[in-house]
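The values are calculated or read from the model by the stated rules, or taken from the named source; none is laboratory data. Everything numeric in this text was worked out from a predicted model, so none of it was measured. Methodologically, a virtual Cβ is constructed for each residue, glycine included, from the backbone with ideal geometry; neighbour enumeration extends over all protein chains shown. For the accessible areas, the whole protein counts, side chains as well, though only heavy atoms, and no ligand, DNA or RNA atoms are used. Shrake-Rupley method; radii C 1.70, N 1.55, O 1.52, S 1.80 Å.
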Amino acid sequence: MRLVYAAGKIVPIPASVPHEAGDMVDKRIVPDLRWIAQRYPIYVTDGYSGPLPNGEHVGCNGCHVAHSDHYNGLAVDIIPLNGDGRCDASWAPITRLAEWAEPRPNMPIPPFRWVGYNGDAGHGCGNHLHLSWNHAPAPQFQLAEWVEIFPAGSTGPGEPSGEAETGGERPRRKRAPKPKQPSGPSGGVSQAPTGGIGARGD
């Protein structure tokens, strides 16, 4: 993994990553999203949720918990590309992706900070998979100073160049200590009865 200190920016998710119209994320995680989309049949239902510099609001409104990584553009909600909202065979690749990102409960593998799926309220098969990236502490609706992403110049963690598999193990190598991560909740759904969206987002 590597830390990216380059300036962030909220940008539209590219067409190479299937997503709901208007979805945006911090540009620093776009290469990781492309890598994931090349290997898993995903559909992103929400990325950044909050105001843009022009005052326009993007993403779902009021459906994420306070301090969610969605408010920094460093989280996405995912469902199967051709799913119909039911927990059926279309979710098998999403389940593999979730298990690859978090092989043991509550122990996501970098660059992921939090993985919300089966066993997490408001997440799971038939609802959605939530992926958050590690990042520097940042207030809501502000860009983080650094973001952790997959290794530069590779096709992704655990795969030789040119290989496209479903999943794969990450290489085990010593990593230098990274700066302090933000504390508090990193994603999830609000339990407040004030709104939100159904099975296609958190």
Study note, to complete from the structure: Rounded to a whole %, the carbon-and-sulfur portion of the accessible area of the stretch 83-156 at a 1.4 Å probe is 53 percent
Review point. How many percent of the accessible area of the stretch 21-63 is carbon or sulfur, using a 1.4 Å probe?
Key: 51 percent
Study note, to complete from the structure: Taking r as the C-beta separation of residue 109 and residue 141 and R0 as 30 Å, the FRET efficiency to the nearest 0.05 is 0.60
Exercise for review: Using only protein heavy atoms and a 1.4 Å probe, report how much of residue 56 is accessible, in Å² to the nearest 10.
Suggested key: 100 Å²
Practice item. Compute the length gained on full extension between residue 66 and residue 15: take 0.36 nm times their separation in residues and subtract their Cα-Cα distance, giving the result in nm to one decimal. Key: 15.4 nm
Check your understanding: Could you give the accessible area per residue of the stretch 1-145, probe 1.4 Å, as a whole number in Å²?
Key -> 42 Å²
